[in-house]
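Enquirer: Shown below is the structure under consideration.
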Amino acid sequence: MAAIAKKKDVVIVGLGWTGAIVGMELCEEGLEVLALERGDDRDAGPDFRYPNIADELKYGVRYAVMQKPRNSTLTIRRTIQENALPYRLFGSFLPGEGVGGAGVHWNGNTFRPMAEELRLRSYVAENFGQNIIPEGMAIQDWGITYSELEPSFDRFEKVAGIAGKAGNIKGEILKSGNPFEAPRSGEYPMPPLPQTLDALMFAKAARSMGNHPYPLPSANASQTYTNPYGMQRGPCNFCGFCDRFACFNYSKSSPQTCVLDALKRKSNFEYRANSEVIRVELSPDRKTATGVTYLAGEDNEIFQPADLVILAAYQLHNVHLMLLSGIGKPYDPVSGDGVTGKNYAYQMTGGTSLFFKDVDFNPFVGAGSNGTVIDDFAINRIDFGAEGFIGGSYICAGTTNGQPIRSMRLPKGTPFWGSQWKQAIKKWYRHSMSIGSHGSNMSYRDSYMDLDPTYADRYGRPLLRMTFNWKPNDIRMTQFMKNKIESIAKSMSPDLMDSDYKSDDAVYDVRPYQTTHNVGGAIMGTDRNTSALNRYLQSWDVHNVFVMGANAFPQNIQYNPTGMVGALAYWSVAAIRKYYLPDPRPLI
């Protein structure tokens, strides 16, 4: 029998970006809030201090602040005909674990999606015709417009303290920013970071070819900053230990540096680490949640009653909990019925490496989201009908690190070990750069998540099963970007040049790292027959359950997802405060 804890007004599952944001906002309403985090407690002061955190082997290679497959994993297959197998060694994506979640180890790239991305299916139909959407592609409108969401983007960027340069403020196009972005209500909280040599070279080459370079919007602070919660940050020192690492300098935005220390001062907030929620408990009529059951240790089962349940874990875990708890009808790819688990999507990336014998890039001087970007081949800049694909990409160059284990960029054909490998490192370590494509990934009828019929976790629950493979549409998109990037790269006259993009015969490979940008599975929309959540991220079926995170994306945007995830959290919690708390009910 589970022990029964004292009832709370709100229980939050997961204490990363969205859990911290929702916790802060609901505490402001005077509610008693409890957050449950399955991983360890992590505090910026004692846990992220220098030099301990700048350990490439521990954090960059052995993933010390990330989820361990032995504790939690999923099974993966490429098609519905294959047998899925457990993901035993993380490579393709690296979910975070512990207080702060993936917000601890991210690199800091913080974009807003284009307005067209939030109504993608309508945009395609209106501009190119419904018939260009391939059979099996399952793209949907989000059920919310950019203009509705703009105040929430502005709020998140101020709380996170984003450094950048606006390109469109209230319809006025500004020099040096992104001229293709949707209108912003104001400038970024901080000016952009200084640029490294590779970013400057790329900007010059891109501009000479008629493109429009702008500084990468960054969660690495460019100066001292105090956010609306009173949290203070210091300027980034370009130490090169950012992606996969916590920040010892209080420079990278994270739940710890932007929200949690202020939230912990609230007398009506409590959190418990090493507390894994195993299911959401539902009332007999299954229309409301009564709370959650969690484990504090292996055998200590506790039922936590609450009036409001917020799922704020990573995308994979939110979807898994919904399936395990029976929230929303599970999706069936054969019939197309059901909503929970549908429209899983990922990210399409590629890049070109350039080698210059006589240019010294000082690669050890880097920041997680340093760089120059062009959006000249983004979603609202491409004729989908003429090019034969739906999607787009931003293109970027900039040094993030020069770590000696993971960051040895070498020409193709170089041996993997031995004297020739050492000679190549000596020759090229300081003399290479890359130009990368970070592209969209569409959703498809047969790309989804469900419960695995064979494999179970350590508690006997079915593992989450992912079915996903690359599709011709998205491969055509990345090959289009390859041609554009190689044209820019060739104009820079490198001594050597190598490219790595998905080819026509590419299949999804879980081994090499790609991005930790898993999206979909519990998507938002305006029709309960095609989405698991309504436009306020409220479960259609269980009205006191709200689900925060990238699981809400109907397909993946061309940008890093954190800016959108943060804005959706503020949008949702604003609706909870304004509409739901005064009259708890389905909001649509």
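Enquirer: Would you say Ser72 is open to solvent by 30 Å² or more (accessible area, probe 1.4 Å) and either more than 26 Å from Phe468 (Cα to Cα) or out of contact with any Phe, Trp or Tyr (no Cβ under 8 Å at 6 or more places or on another chain) (or both)?
Expert: Judged against the criteria, Ser72 is not a match.
Enquirer: Taking the criterion of being assigned to a strand (DSSP E or B) and in contact with a helix residue (DSSP H, G or I) (Cβ under 6 Å, 6 or more places away or on another chain), would at least one residue in the range 284-305 satisfy it?
Expert: Looking for residues that are assigned to a strand (DSSP E or B) and in contact with a helix residue (DSSP H, G or I) (Cβ under 6 Å, 6 or more places away or on another chain), one finds none in the range 284-305, hence no.
Enquirer: Limited to the range 10-25, what total is found for residues that are surrounded by fewer than 24 Cβ atoms within 10 Å (Cβ to Cβ) and over 22 Å from the mean Cα position of the chain (by Cα)?
Expert: Qualifying residue count for the region: 0.
Enquirer: Look at the range 65-84 and say how many of its residues are at pLDDT below 95 and small (Gly, Ala, Ser).
Expert: Adding up the residues that qualify gives 1.
Enquirer: Looking at the range 267-278, I want the residues that are under 13 Å from Gly23 (Cβ atoms) and part of a loop (DSSP other than H, G, I, E, B) and have a partner that is open to solvent by less than 20 Å² (accessible area, probe 1.4 Å) and β-branched (Val, Ile, Thr) with Cβ atoms under 9 Å, at least 6 apart or on another chain. Which pairs are those?
Expert: Asn268/Val33
Enquirer: Would you call Tyr314 in contact (Cβ under 8 Å) with a residue 60 or more places away in the chain, open to solvent by 20 Å² or more (accessible area, probe 1.4 Å), under 19 Å from Ala273 (Cα atoms) and hydroxyl-bearing (Ser, Thr, Tyr)?
Expert: Against the criterion (in contact (Cβ under 8 Å) with a residue 60 or more places away in the chain, open to solvent by 20 Å² or more (accessible area, probe 1.4 Å), under 19 Å from Ala273 (Cα atoms) and hydroxyl-bearing (Ser, Thr, Tyr)), Tyr314 qualifies.
Enquirer: Select, from Glu301, Glu281, the only residue that is open to solvent by 40 Å² or more (accessible area, probe 1.4 Å) and without any contact (Cβ under 8 Å) to a residue 60 or more places away in the chain.
Expert: Just a single option satisfies the conditions, and that option is Glu281.
Enquirer: Just to be sure I understand, how many residues within the range 475-498 are assigned to a helix (DSSP H, G or I) and either under 26 Å from the mean Cα position of the chain (by Cα) or touching a residue at least 40 places away in the same chain (Cβ under 8 Å) (or both)?
Expert: Matching residues across the range 475-498 total 15.
Enquirer: Still on this structure: Exactly one condition in (1) in contact with a strand residue (DSSP E or B) (Cβ under 8 Å, 6 or more places away or on another chain); (2) open to solvent by less than 20 Å² (accessible area, probe 1.4 Å); (3) not in a loop (DSSP other than H, G, I, E, B) is not met by Val259; state its number.
Expert: (1)
Enquirer: Of all residues in the range 36-50, which are farther than 26 Å from Val11 by Cα and in contact (Cβ under 8 Å) with a residue 60 or more places away in the chain?
Expert: Within the range 36-50, Phe48, Arg49, Tyr50 qualify.
Enquirer: A further question follows. When you go through (1) surrounded by fewer than 23 Cβ atoms within 10 Å (Cβ to Cβ); (2) not in a strand (DSSP E or B) one by one for Leu463, which number turns out not to apply?
Expert: So Leu463 meets the others, but not (2).
Enquirer: Run down Ser487, Ser447, Ser419 and say which single residue is closer than 30 Å to Thr340 by Cα and at pLDDT 95 or above.
Expert: Ser447 is the lone residue from the list that is closer than 30 Å to Thr340 by Cα and at pLDDT 95 or above.
Enquirer: Hand me the list of strands (runs of 3 or more DSSP E) wholly inside the range 1-93 holding 3 or more residues that are touching a Gly at 6+ places or on another chain (Cβ under 8 Å).
Expert: 8-13, 33-36
Enquirer: Which residues, counting only those in the range 420-434, are open to solvent by less than 80 Å² (accessible area, probe 1.4 Å) and in a helix (DSSP H, G or I)?
Expert: Ala424, Ile425, Trp428 - these are the residues of the range 420-434 that are open to solvent by less than 80 Å² (accessible area, probe 1.4 Å) and in a helix (DSSP H, G or I).
Enquirer: Looking at Thr454, Thr526, Thr515, Thr530 in this structure, which one is outside any helix (DSSP H, G or I), closer than 17 Å to Asn83 by Cα and polar (S, T, N, Q)?
Expert: None of the other options fit; the residue is Thr454.
Enquirer: So which residues in the range 318-337 are in a helix (DSSP H, G or I) and open to solvent by less than 30 Å² (accessible area, probe 1.4 Å), if there are any at all?
Expert: Asn318, Val319, His320, Leu321, Met322, Leu323, Ser325
Enquirer: Let me ask something additional. If Met1 satisfies every condition in (1) under 30 Å from Asp452 (Cα atoms); (2) touching a Lys or Arg at 6+ places or on another chain (Cβ under 8 Å); (3) modelled with pLDDT under 95 but one, which is the exception?
Expert: (2)
The values are calculated or read from the model by the stated rules, or taken from the named source; none is laboratory data. It should be emphasised that the depicted structure is a prediction, and the values quoted were computed from it without experimental measurement. Cβ: placed from backbone, ideal geometry, glycine included. Neighbour counts: every protein chain shown. Ligands, DNA and RNA are stripped out before the accessible areas are found, and what is left, the full protein with its side chains, is counted by its heavy atoms. Shrake-Rupley method; radii C 1.70, N 1.55, O 1.52, S 1.80 Å.
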